[in-house]
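Bear in mind that the values in this text are calculations on the coordinates, not laboratory data. What you see is a predicted model, and the numbers here were worked out from it, not measured in a lab. Virtual Cβ from ideal backbone geometry, glycine too; neighbours counted across all protein chains shown.
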Amino acid sequence: MSLRIALDNQPEFYTNLDLIQGRVILGLNRPEQIGSIVVKLEGESATALQVPNAFESELGAKPGSVQRAPGSIASENHKILYKLQQVFPDDYYASSSNPYGAYPLPAGEHAFPFKFKLPINNACSDPMAMSQIGGVANAGGFGGGGLFGFGGVRVMDGSKQLYLRHVTKTLPPSLTGYPMEAEVRYYLKVTIQRPGLLKENWRYQIGLKFLPIEPPRPKKTPQEAFARRPFAFQLRSPQPEKKRSSFFGMRSDDSKSGPTPDPAADFDPAPSVEISARLPHPTVLTCNQPIPLRLIAKKIANNPEDVYLVSFQMDLIGHTDVRAQTLHNKKLNRWVVASNPNLCIPLTSSPTDEVGKELVIPDDVWKNMPLPNTVAPSFVTCNLARRYELEVKLGVAWGKPKKGVAPRQPQVIYLPLHFSQIDVYSGLTPPAELLKAARSSQPGRATFDNTPPRLPPRQPSVSGPSTSGPPPQQAHHAPPQQHSVPPQPPHDPLYPPQLAPGQTAPAYDDAPPSYDEAMADDVSVPVDGMRPRPAYSGVTNENAPSSMPPEKS
């Protein structure tokens, strides 16, 4: 027996709205009785954190949470994607009656085609879909009972997802690199159910690499986000003059020389330049593309001497928030985008520049340096989130740097410039239909806090007088509401809403910004058209075994 999955036109990675189609190829050495063949498309966002000791507060649980034994593992596994398709028996085989729920397949090679369409949002946030998925054998009508009632295909138990906190967001990218702590994986599974008491089911699995499409980009504006830092060098100490000696080695008479002038009397102030790093606002970077950075130097002290940029380094800092039940942890990654320690770029155009003149520093150092292909786009999912910061380190010297070891090197100052709010997009442009539908909806937010569900606002009573409402003359002139409150889902009455002083109704938490899933079902335009997709290495090997600790049954 041989079993494999052959994908048709497999790209470097898949994205939303892609069609994953291929064939399940089964080779049989002899005739077999097959109950069913089911193909599953799954995606998991798994996290696991170890409970620290009481004296360690880095991963400590929040107050009021359930206490766990130190050293135990708290884990969460969110089924962000779950689709299944039965490819056998087809209509021909299903038309024949079989008392044991199995269908004969002759020896030879058999191919069973399948096709899935990748959705946009994660599936675990849909309570209706999760509650309809069973977790026992022979659930969902896949496979018969087999001989003596044994057999069937085991599907996911969706009821476990109902006990976890979820957010509705675009599917996250494939992500590894945090062994035994966090990972996001996508894969295809095929299960061949063989009825019988002593027969086991055949299974096969392959991994997939996934990168989501971009959210709606903000409109371009002439505004810029900047990080500015002025600096000034320290005044150099005056060099002592060497005293002359006569031909015979005798010192000259110092009394004949006039009074020594003050060396600092005619000195100019030390050079002072202000450097600002600027990025387009809103600040959005794109995977596999250079950073649109601008450096501008401004002279703020009247000194004719030259100041040079001698070193440059630009780092992208990634912050990954990991959550497992009541435990939180933050992981830090750093990518060096561009670095050059041997520069000699003047920061003034001429020694006669007036104070306040600006100079745009040439961008030859970083303009051709794209982001590494290991950088994943910013994302938020139920138990994982990734955000970015940008740090620029500049080395500025008073005077031209000298090659080799010189007796007197110029004075050097190192300046850090920091951007704390950076969004990284995948660079995969979505269809125009989705962009239009997304812009017409009201965005919301998604967080990792432990805020309980909120109740809908209470309707005012009409049977008796109200003491909390405004007087009739004030209510008559009340201004109309500008924004209508969208319909709210039912909430658990065990969690009363927390109202601020003077607030009569709790604020409604909108759904996070995402694309409309109903609109996505009707879109048939291929994402990106015929444009080649950039490289993405968020996972070292999508077919490698999972690095997460095994779950307890």
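Here are a few things to note about the model shown:
- Distance (nanometres) between label positions extended 7 Å along Cα→Cβ at Glu109 and Lys220: 5.2
- Packing, as the average of other Cβ atoms within 10 Å across residues, places the peptides 303-315, 212-224 in the order 303-315, 212-224, highest first.
- Separation of the alpha carbons by more than 28 angstrom is noted, of Lys117/Lys199; Lys79/Lys219; Lys209/Lys330; Lys79/Lys115; Lys189/Lys331; Lys299/Lys367, for Lys117/Lys199; Lys79/Lys219; Lys189/Lys331.
- Per-residue extension of 0.36 nm, minus the Cα-Cα distance of Tyr414 and Arg229, leaves a gain of 65.5 nm for this segment.
- Using θ = phi - 60° and Karplus 6.51 cos²θ - 1.76 cosθ + 1.60, couplings along the range 343-350 (whole Hz; Gly, Pro as x): 10, 8, 10, x, 9, 9, 6, 7
- Separation in nanometres of the label points that stand 7 Å from Cα toward Cβ, at Lys436 and Glu389: 4.2
- Taking other C-beta atoms within 10 Å as the exposure proxy, Leu384, Leu359 rank Leu359, Leu384 from fewest upward.
- Charge tally around Ile37: other residues with Cβ under 12 Å, Lys/Arg +1 each, Asp/Glu -1 each, net +3.
- Using the Cβ-Cβ distance between Ala69 and Leu332 with R0 = 35 Å, the FRET efficiency computed as 1/(1 + (r/R0)^6) comes to roughly 0.80.
- Couplings 3J(HN,Hα) of the range 269-276, computed from phi: x, 4, x, 9, 10, 10, 10, 10 Hz, in residue order, whole Hz [Karplus 6.51 cos²θ - 1.76 cosθ + 1.60, θ = phi - 60°; x for Gly and Pro].
- Between Thr352 and Lys402, the modelled labels are 2.9 nm apart [label points 7 Å from Cα along Cα→Cβ].
- For Arg4, Arg194, the sequence from fewest to most other C-beta atoms within 10 Å is Arg4, Arg194.
- For the range 309-324, Karplus couplings with θ = phi - 60° (6.51, -1.76, 1.60), whole Hz, Gly/Pro x: 8, 10, 8, 8, 8, 10, 10, 9, 10, x, 10, 10, 8, 10, 10, 9
- Full extension of the chain segment joining Asn342 with Leu197 gains 44.9 nm, where the gain is 0.36 nm per residue of separation less the Cα-Cα distance.
- Highest-first packing order for the peptide set 120-126, 106-112, 327-333 is 120-126, 327-333, 106-112, based on the mean count of other beta carbon atoms within 10 Å.
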